[in-house]
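Everything on this sheet refers to the single structure shown next.
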Amino acid sequence: MKTQIIDIKTPDGACDTFIAYPEEKGACPAVLFLMDGFGLRDYLYEMAKTIASRGYYVLLPNMFYRLGRAPIIDLKFPLHVQDMPEAVKKLMPLFKTYSPEFGMRDTAVFFDFLAQQEQVRPGPISLTGYCLGGSLSIRAAARFPDQIKAAASFHAGNLATEASDSPHLLLGKVKAELYIAHADNDQSMPPEQIERLKAALVQSGIRYEAELYKDAAHGFTMADLPAYNEGALKRHWEKLFGLLERAERKS
C-alpha cells in the first residue's frame, strides 16, 4: 500500500492531506474521508488505510489547514475521560473559525485533484465523514450531486436544527445513496432532530438508511477517544463497506 502526506493547493493555502491506495491495483474508486473535530492523527490514518486495503484511493485532508498544518492543537492520544474538558477547551476556537462553506469550497478542489490522479478511476466518488466531517459529507452530497455517488455520516451533530442552513433542508438536492449513523447518547443530535431528519429523508425520496446505535456516544468510531465503542465501530465498517460496494456495482 502506498501512503503519503501531500499538499493540495487551494485558494486559501496549502491543505496537508493524507493519501492511501493499493499500489498494484491500477485505477481505484476514490473515497473522500472527512475528519472529525480532533483532526488528522495516527488513528485516522489507520482508518484511511483500512478503507484503502479494500481497493480504494482514500483522500484524508486537514480541513483546518487555514489555521496551520496538522496537528493544529497539542493533544496526546489516546484521550481519556479526564482529558476531555481541556481537549474541548482547545478545540472550541477551531470550530468557531470554521465555516461549512470552507468545506464546500475545499471539496470542489479535492474533486479537481482526484480527477488528475492516474491512480483514481474517473467518475463520481464516495464520501465518509465523522462528527464535523459527517455533516460536511451530507452538505457535499447536496452541493455536488453529480459528483458524489454515496455518502456516509457517522455521529454527526446538528443535522436537523431550525437554522435556515440546516443540512436536512438540503436533502432534496442529493442524488447519492446516504447512510447516517446516530449515537443514542449524543446531546448534539437529540431525538427531535433525529425525527426531523428522518422526515426530511422520507420526503426527499432518495435511497438512504438512518440508524440509531444503541449504547453509543458521540465519537463512537474513534478508538483513541473515551466515547469509543468496539461493537459500534465494527458495525460502522460493515455498513460503510456495504455502501461503498453498492456504489461501485452501480458504476
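Odds and ends about this structure:
- Ile148 long-range amide H proximity, modeled H, under 5 Å: Ile125
- FRET efficiency estimate (nearest 0.05) - Cβ-Cβ, Ser164 to Asp184, R0 25 angstrom: 0.35
- With the simple spin-label model, which puts each label point 7 Å out from Cα in the Cβ direction, the Met1 to Lys198 separation comes to 3.6 nm.
- Tensor-based shape of the range 208-251 (alpha-carbon gyration tensor, a/c under 1.5 rounded, otherwise prolate or oblate): prolate
- Spin-label model, Arg246 to Lys214: label points 7 Å out along the Cα-to-beta-carbon direction sit 2.2 nm apart.
- Shape category assigned to the range 1-50 from the gyration tensor of Cα positions, a/c cut at 1.5: oblate
- Karplus-derived HN-Hα couplings along the range 72-79 (A = 6.51, B = -1.76, C = 1.60, θ = phi - 60°), whole Hz, x at Gly and Pro: 6, 10, 8, 10, 9, 8, x, 8
- Sorted on the mean count of surrounding Cβ atoms within 10 Å across their residues, most packed first, peptides 159-169, 119-129 read 119-129, 159-169.
- Taking every alpha-carbon pair under 8 Å whose residues sit at least 6 apart, the chain reaches a relative contact order of 16 percent.
- Distance (nanometres) between label positions extended 7 Å along Cα→Cβ at Glu24 and Phe77: 3.0
- For the chain, the fraction of 1.4 Å probe accessible surface lying on carbon and sulfur atoms is 50 percent.
- Shape class of the chain from the alpha-carbon gyration tensor: rounded, with the ratio a/c of largest to smallest axis under 1.5.
- Under 5 Å from the amide H of Ala210 lie the amide H atoms of Ile180, each residue being 5 or more positions distant or on a separate chain, with H modelled from the backbone and absent for Pro and chain starts.
- Average accessible area per residue (Å²) across the chain - probe 1.4 Å, nucleic acids and ligands excluded: 46
The values are calculated or read from the model by the stated rules, or taken from the named source; none is laboratory data. Small disclaimer: the values here were computed from a predicted structure and weren't measured. Here the Cβ is made from the backbone with ideal geometry for all residues, glycine too, and neighbour counts use every protein chain on show. Please note that ligands, DNA and RNA were not included when accessible areas were found on the heavy atoms of the full protein model with its side chains. Shrake-Rupley method; radii C 1.70, N 1.55, O 1.52, S 1.80 Å.
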